[in-house]
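Undergrad: Mind looking over this structure? Questions follow.
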Amino acid sequence: MEHPVTTDLVRWIVLLPLLGAAINFLFGATLQKRFGKRVISFLGCGAVLAAFAIALYTLFAMLALAPDRRFMLDDLWRWFDVGGLKLDIAFWLDPLSIVMVLIITGVGGLIHIYSTDYMHDDASYWRFFGWLNLFTFAMLVLVLGDNLWLMFVGWEGVGLCSFALIGFWYTDLVNTNAGNKAFIVNRIGDLAFVVAIYALFAGLGAVGHPTLVIREVARYAPALAGARGYLGLPMVTFVTLMLFLGATGKSAQIPLHVWLPDAMAGPTPVSALIHAATMVTAGVYMVARLNFLYSMAPATMLVVATVGALTAFLAATVGVTQTDIKRVLAYSTISQLGYMFVGVGVGAYAAGVFHLMTHAFFKACLFLGAGSVIHALGGEQDMRKMGALRHKMPLTFVTFFAATLAICGVPPFAGFMSKDEIIWRAYAHGHFVIWALLWAGAGVTAFYMFRQVYMTFFGDFRGTPEQDHHVHEAPSAMAFVLVALAILSTVGGFAMLPGFIAPFAPFERFLDPVFNSDATRQVFASGLHDRSLETLFAGLSLLAVAAGWLLADLTYRQGVLSAARMSEFAGGVFYRLSFGKYRIDEFYRAAFLAPYLKLANAAAWFDGHIIDGVVNFAASMTVVGAWLAGLFDSYIVDGLVNFTSKATLAAGGRLRRLQTGSINGYLYGILAAVMVILLVRAIARV
Amino acid sequence: MVNGLTLNDFLILGLAVFLLGVYCVLTRRNAIGILMGIELILNAANINYIAFSFFGGGGANYDGQVFAIFVIMLAAAEAVIGLAIILAIYQNLRTIDVGAAETLSG
């Protein structure tokens, strides 16, 4: 780790998407008009797929190295050198970041390809691909940045692209409002993130190592143990808590999760790429990246795991009653992100990152399948107006179903391998309540996912006859992507089998050099390692999944149970809570938005009456002053000027008589003058 | 003294010519007459230059005589311009009576 392999290949992974974005933004409109959308597709997808190819190449280059030497550094230039802080624009590639890079460019590339069909009728085709490329660039900067500030640049960059893409169809006020909400809620988290960076720098500076380069932070982090931070917390706890607050914003965890469901206003490929597969996992990535800090702060770990578990369960219960096909998936994403946070929160970093990867596969597949349905129904997103689509869209159905099995955690699909590991590790580290929440959440997940499948693909078609007539299977590019992602969702889990099935976990071993700080090792060792108990708990999880599936099957396919009757349970309290998303939006509106608006109104009143009053008074004073100055000007100054001119005119009128035109007269005048002069001189002489 | 003539005799001659010139200039209404009067005034000045040069400086001082030559040259130039003006007046007014040229009267 002391001597990373230096390379100048990694920069191209980052720069190619930037180049694609630059060309699309600067010349996209012209290219599209002159050569058609095919050129834009080629540019947009090409940039990301080329980056993916380079990433694959570097992966193999990395695999050729010894496991403990798998670090690559691509140092471009000195960024700034202020005080003791020296930062470079440098990209740091290690097993964790290469996994993220492959997800971003791989799944991202597939979604780019999907978009060529999905967005085909949009006039701003070039703008869409420009933003998509720019997002890929920002996400890669976030993942590859070798210091926390560069990471923060990417962190902000993905937020900006998310904002722009949620409001992509900006002529509709709902979309732009959703974009604003996402941006503003993220900003709250970002503030905490910045505070954490400053605190970390101050803390490391106090122990003599002022640095923000992540690998150096990792080396000097043990020196922070016992250092006092702020708000009465130890330094490490404060920093990690603040960073986690930043992560709740970006990764849509309670209490900052409210923006993600609204973000579904964006085009569906955007929902799949940014709001499911990549950007929202940035928080999980950040915790895993800084595992050496988190492992030193057990209190923060507990907060992370608790928030994750609460989010996982509560978001899942909200997903049960939503009727918008994309909103169900949005809550499912929030819930699954909760699982990831539990994973990293209990110290099972590899399991958290593994779930991040499998989630990227199956959630992208689910979103793109939903996009295919929406596309086929001409923009319809309400599941109550769908049904029976499996006959007309068999390919979409099969891929969607495979991804559903994956997310529910049915073996051997990818979700089983990753999610079950997290659930087990939650128990293994002694968090029984967290385990119970995750276990119940798994059952609820199975229920709402199969509810979605049955409402969308089974039963009778409930839309309009025109829609029924118009329904068609996904076009070729979309179909290709769906199949690719479904295959990944199916077999992706075999990279890391649960310990009780077989001791086969190359994924975990690959990531091991990243999670090798003393503190992290200690946390990992503190958990239970009991194969037979693990098997039992996997069985319990499957039981919950089976119960959820069965309930959904009885209710929405066979119709044995009545959903309406179920919603009346306990006087409809639970139904209303779930359907109303626990009234959190309303709570924020009343608790923060309303006082804020009042404050804004008061400020507006102050501005309108006090500030404007002062300004208006100053203005009227100026008017009076100007009036006085006007008087002075017209009577005194003008008077003088007019007097001069009148005097000159009068004198001229008299004097012009002298100009007689008679030459003799002039000559007499000259003679007389000469004689006068002589006379005067003569008298003066005497 | 030259042939019994002293400096005073020349100065009196110069004064006489000068006064004749002034009288001519003042009384003539004919422009050419006025011009001739001016010539007389200039030549009166010349007489004075020469006289002073001859009787005054002593030795080889010819300043006055050089000045006389300059004045003659000046008179020639002045006559050219004066006659050109008179010609222009004649062309416009069909007369050279200076009393007629009073359009600049205030």
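Each value in this text was obtained by applying a stated rule to the coordinates, not by laboratory testing. Computed from a prediction, not measured in an experiment: that's the story for all the values here. Here the Cβ positions follow ideal geometry from the backbone for every residue, glycine too, while neighbour counts run over all protein chains shown.
Undergrad: First obtain the Kirkwood hydrodynamic radius of the protein assembly as shown from its Cα pairs, then insert it into the Stokes-Einstein equation at 37 °C and 0.692 mPa s, and state the resulting D in µm² per second as a whole number.
TA: Translational D for this selection: 99 µm²/s.
Undergrad: In chain A, what % of DSSP beta bridges are antiparallel (nearest 5)?
TA: 85
Undergrad: A further question on this structure: Classify segment B:7-93 as rounded, prolate or oblate from the Cα gyration tensor: take a ≥ b ≥ c as the square roots of its eigenvalues, call it rounded if a/c is under 1.5, otherwise prolate when a/b beats b/c and oblate if not.
TA: Oblate, because a/c is 1.5 or more while a/b does not exceed b/c.
Undergrad: Just to be sure I understand the model, the point goes 7 Å from the Cα along the line to the Cβ. What's the resulting residue B:19 to residue A:61 distance in nm?
TA: 12.3
Undergrad: Across segment A:1-146, what fraction of all alpha-carbon pairs, as a whole percent, falls in each successive 5 Å bin from zero upward?
TA: 2, 10, 19, 19, 16, 12, 9, 7, 4, 2, 0
Undergrad: Would you please put A:416-424, A:92-100, B:46-54, A:469-477 in order of how densely packed they are, using the mean number of other Cβ atoms within 10 angstrom per residue and starting with the highest?
TA: So the order, starting with the most tightly packed, is A:416-424, A:92-100, B:46-54, A:469-477.
Undergrad: List the aspartates and glutamates whose Cα sits under 14 Å from the Cα of residue A:326, skipping any in the same chain fewer than 8 residues away.
TA: Reachable aspartates and glutamates: A:262, A:380, A:382.
Undergrad: How large is Rg over Rh for segment A:169-328, taking Rg from the Cα atoms and Rh as the Kirkwood inverse mean of 1/r across Cα pairs?
TA: Rg/Rh: 1.05.
Undergrad: Over segment A:1-146, what is the relative contact order in percent, taking alpha-carbon pairs closer than 8 angstrom and at least six residues apart?
TA: 38
Undergrad: On to the next question. Using Cα-Cα distances under 8 Å and only pairs 6 or more residues apart, what relative contact order does segment A:197-344 have, in percent?
TA: Contact order relative to length: 23 percent.
Undergrad: How high is the relative contact order of chain A, in percent, counting Cα pairs under 8 Å that sit 6 or more residues apart?
TA: Computed over chain A, the figure is 11 percent.
Undergrad: Taking 27 Å as the cut-off for C-alpha to C-alpha distance, list the pairs among A:181/A:363; A:363/A:385; A:250/A:392; A:181/A:598 that go past it.
TA: From A:181/A:363; A:363/A:385; A:250/A:392; A:181/A:598, over 27 Å: A:250/A:392.
Undergrad: While we're here: With each run of n ≥ 4 DSSP H residues scored as -39500 (n - 2.57), what mean residue ellipticity at 222 nm is computed for chain A after dividing by its residue count and rounding to the nearest 500 deg cm²/dmol?
TA: For chain A, the value works out to -22500 deg cm²/dmol.
Undergrad: Is any residue of segment A:35-62 close enough, with backbone N under 12 Å, to a label point placed 7 angstrom from the Cα of residue A:27 along the Cα-Cβ axis, and if so, which?
TA: A:35, A:40, A:43
Undergrad: Relative to the compact globular guide of 2.2 N^0.38 Å, what is the alpha carbon radius of gyration of segment A:432-480, as a ratio?
TA: 1.80
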